[in-house]
Amino acid sequence: MLRVSVVVPVRDDAVHLRRCLDALAVQTVRADEVVVVDNGSSDDSAAVATSAGAVVLSEPVRGIARASARGYDRASGDVIVRLDADSVPPPGWIAEAVRLLDDPEVVAVTGPGRPYDGGRLLRWTWDAVYMGPYFVLMRGALARPPLFGSAMAMRRSTWAAVRRRAHGDDPEVHDDVDLSMQLDPAWRVLAAPSLTVLVSARPFSGLGSAWLRTRRAFHTFHVNGRRANPVRRWARRLRAESRVRRWRRTH
């Protein structure tokens, strides 16, 4: 059985963090460890994590990419799950992630988020304006599904292979987009509706939030240079698929 570590970066989000940790406590497959990385909170986020039995790390340098990387490096499991503090995974979430990663060709899995606050109109707008376009547009740019930081899991070996390329020291990168870009386009990543988590509707909190996310996405593409070039990525993926097809025809 694969050992599972859950990494949750947090800054001043104790209320949501408590809800996330409560959801992890009732998983049908429990994590072997939960690592909460406190990124300079001024509230009681660290105390909430400690009371829930989590391993608590302090990362004073601000930036979600930096905090996440600190947690990934500390994680000891074969599988590293990444959730945000406002993620609420359903009880079978970890079990489903482990099931999908049981395929040795799959290096990472991810799912979408759905807002747990707001009405039907908000949920429709969320899918139409935010979540749907994120997966469609980023898939086109990356030549495979992107990772969504609120609901993702990867092999520890996957992180080990890309950690030196990730821009963990840049607080302006969109951390899940940056991590997605470090994964070879030829590697297999699954985006599954069965890995949906509930999240807060904070991305819709105002124009400032939307602008921040958009700015960081463009910055992430910029700092990744040639690695972010969609033409190069699709060429790499198509070459790899062609080699696989030739191998299958001859074996």
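The values are calculated or read from the model by the stated rules, or taken from the named source; none is laboratory data. Keep in mind that what you see is a predicted model, and the values were worked out from it rather than measured. All Cβ positions, even for glycine, are placed from backbone atoms using ideal geometry, and neighbour counts span all protein chains on display. Accessible surface areas use protein heavy atoms only, side chains included; no ligands, DNA or RNA. Shrake-Rupley method; radii C 1.70, N 1.55, O 1.52, S 1.80 Å.
Scanning the range 154-190 for residues that are outside any loop (DSSP other than H, G, I, E, B) and open to solvent by 40 Å² or more (accessible area, probe 1.4 Å) returns R155, R156, S157, A160, A161, R188, L190. Among the residues in the range 38-49, are any within 25 Å of D170 (Cβ to Cβ), out of contact with any Asp or Glu (no Cβ under 8 Å at 6 or more places or on another chain) and surrounded by fewer than 23 Cβ atoms within 10 Å (Cβ to Cβ)? No. For residues in the range 126-153 being out of contact with any strand residue (DSSP E or B) (no Cβ under 9 Å at 6 or more places or on another chain) and open to solvent by 60 Å² or more (accessible area, probe 1.4 Å), which is nearest to V231 (Cα to Cα)? Restricting to residues being out of contact with any strand residue (DSSP E or B) (no Cβ under 9 Å at 6 or more places or on another chain) and open to solvent by 60 Å² or more (accessible area, probe 1.4 Å), the top hit is L137.
Only one entry in V8, V34, V15 is aliphatic (A, V, I, L, M) and farther than 21 Å from A201 by Cα, namely V34.
Summed over the range 73-105, the residues that are open to solvent by 10 Å² or more (accessible area, probe 1.4 Å) and under 13 Å from S5 (Cβ atoms) give a count of 5. Being touching a residue at least 40 places away in the same chain (Cβ under 8 Å) and exposed (fewer than 14 other Cβ atoms within 10 Å of the Cβ) is a property that does not hold for P203.
For the range 6-17, state whether one or more residues are open to solvent by 10 Å² or more (accessible area, probe 1.4 Å) and either of a type in the set (K, R) or farther than 22 Å from R114 by Cβ (or both). So far as the range 6-17 goes, yes, one or more of its residues are open to solvent by 10 Å² or more (accessible area, probe 1.4 Å) and either of a type in the set (K, R) or farther than 22 Å from R114 by Cβ (or both).
Regarding the range 198-205, can at least one residue be identified that is assigned to a helix (DSSP H, G or I), modelled with pLDDT of 95 or more and within 18 Å of the chain's Cα centre (by Cα)? Looking for residues that are assigned to a helix (DSSP H, G or I), modelled with pLDDT of 95 or more and within 18 Å of the chain's Cα centre (by Cα), one finds none in the range 198-205, hence no. Restricted to the range 123-163, and to residues there that are polar (S, T, N, Q) and farther than 26 Å from L21 by Cβ, the residue that is modelled with the lowest pLDDT is T125. Within the range 171-197, residues that are within 15 Å of L238 (Cα to Cα) and in contact (Cβ under 8 Å) with a residue 12 or more places away in the chain have Cβ atoms under 9 Å from residues that are among the small types (G, A, S) and assigned to a loop (DSSP other than H, G, I, E, B) in these pairs: P185/A143; A186/A143, counting only partners at least 6 apart in sequence or on another chain. Checked against (1) touching a residue at least 12 places away in the same chain (Cβ under 8 Å); (2) not in a helix (DSSP H, G or I), P104 meets all criteria but (1).
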